[in-house]
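Report on the structure given below.
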Amino acid sequence: MNDRVTITHLEDGIADVRMVRTDKMNALDNAQFQALADTIEELHGTKGLRCVVLSGEGRAFCAGLDLTAMQANSAKGEGGKKGGVTGDLGTRTHGEANLAQYVAWGWRKLEVPVIAAAHGVAFGGGFQILSGADIRFIHPDTRCAIMEMKWGLVPDMAGFPLWRGNARDDVIRELTYTNREFSGTEAHAMGFATHLSETPHSDALALAKIIANKHPAAMRGSKRLCNAMAELSDADLLMLESTEQLKVIRTPNQMEAVMAEMQKRKPVFAE
């Protein structure tokens, strides 16, 4: 896509998305924020997309905010800006989110499942981007941190609405208040990661292939239901289950899913 983020379209509608600012461990500056936002927007409009795998090239998933860029821009006296990097934080530029939030929250709002594969480092904003994925593979030795307090900041890249479904309240508080570093193994034990893996990217692609061969409309409906779990009342969530089921039941693609399963073959879905 550009010199910051690449998209490789694989078979079965899988998009292999990689942050490629390897000289800076995929740290976040103006261009990296915009590249990630543009990538999410492009994926929203990609016909036939069924699953996304998100990773970082080089030594890290993402090292968080680019401190050099932050220091260079802070001198401009830009007030509500995060070190001059992400623009006016109070302005909702992407639906309910600002730009900084969207590069993490946007993955959750994609219609299809997103699987992240992390290694090396996932600090600050990088850890929040990782948290935006539906499913997260992490190498045991990955260095993680909710880093913002170290720099006198608060986590503000959608971490809190993403973490509340992952870890206990007191765990989130302790990690936020202390900005202490923790490993991929600890991240998994606390609920921030789905799977520990020595080969996170390969394992993420393998899972993406399984997901991509399920009924696409049922998968999108299931993601909407998962996203709604923390937002809707029990009654509204019960109704949404029925609404989503009525969209897919007895459709040609749903019948193809049944026949493929019975005949033990790969399904062929009409988009």
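When you look at Pro155, is it part of a loop (DSSP other than H, G, I, E, B), touching a strand residue (DSSP E or B) at 6+ places or on another chain (Cβ under 9 Å), in the same structural domain as Gly191 (by TED's automatic domain parsing) and surrounded by fewer than 24 Cβ atoms within 10 Å (Cβ to Cβ), yes or no?
Numbers: part of a loop (DSSP other than H, G, I, E, B): yes; touching a strand residue (DSSP E or B) at 6+ places or on another chain (Cβ under 9 Å): no; in the same structural domain as Gly191 (by TED's automatic domain parsing): yes; surrounded by fewer than 24 Cβ atoms within 10 Å (Cβ to Cβ): yes.
Here the answer is no, as Pro155 does not meet what is asked.
Number of residues in the stretch 18-45 that are closer than 27 Å to Asp88 by Cβ and assigned to a strand (DSSP E or B) equals 2.
Here is a yes/no grid of residues against (1) outside any helix (DSSP H, G or I); (2) among the aliphatic types (A, V, I, L, M); (3) at negative phi:
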residue: Pro161; (1), (2), (3): no, no, yes
residue: Gly165; (1), (2), (3): yes, no, yes
residue: Leu175; (1), (2), (3): no, yes, yes
residue: Ala193; (1), (2), (3): yes, yes, yes
residue: Glu198; (1), (2), (3): yes, no, yes
residue: Gly221; (1), (2), (3): no, no, yes
residue: Arg224; (1), (2), (3): no, no, yes
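Residue pairs whose Cβ atoms lie under 8 Å apart, separated by 6 or more positions or on different chains, with the first residue in the stretch 238-262 and assigned by TED's automatic domain parsing to the domain that holds Arg224 and at negative phi and the second part of a helix (DSSP H, G or I) and among the β-branched types (Val, Ile, Thr), are Gln254/Val248.
Yes/no per residue for (1) within 20 Å of the chain's Cα centre (by Cα); (2) free of Cβ contacts under 8 Å to residues at least 40 places away in the same chain; (3) within 29 Å of Arg92 (Cβ to Cβ):
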site: Gly159; (1), (2), (3): yes, no, yes
site: Arg164; (1), (2), (3): yes, no, yes
site: Asp170; (1), (2), (3): no, yes, no
site: Thr185; (1), (2), (3): yes, no, no
site: His188; (1), (2), (3): yes, no, no
site: Ala193; (1), (2), (3): yes, no, no
site: Asp203; (1), (2), (3): yes, no, no
site: Ala230; (1), (2), (3): yes, no, yes
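Does at least one position in the stretch 84-105 carry a residue that is outside any loop (DSSP other than H, G, I, E, B), at pLDDT 90 or above and over 27 Å from Ile14 (Cα atoms)? Full working, then the answer.
Narrowing the stretch 84-105 to residues outside any loop (DSSP other than H, G, I, E, B): 88, 94, 97, 99-105.
Subset that is at pLDDT 90 or above: 94, 97, 99-105.
Then drop every residue that is not over 27 Å from Ile14 (Cα atoms), which leaves none.
No.
The values are calculated or read from the model by the stated rules, or taken from the named source; none is laboratory data. These numbers come from a predicted model, not from an experiment. Note: ideal-geometry Cβ built from the backbone for every residue, glycine included; neighbour counts use all protein chains shown.
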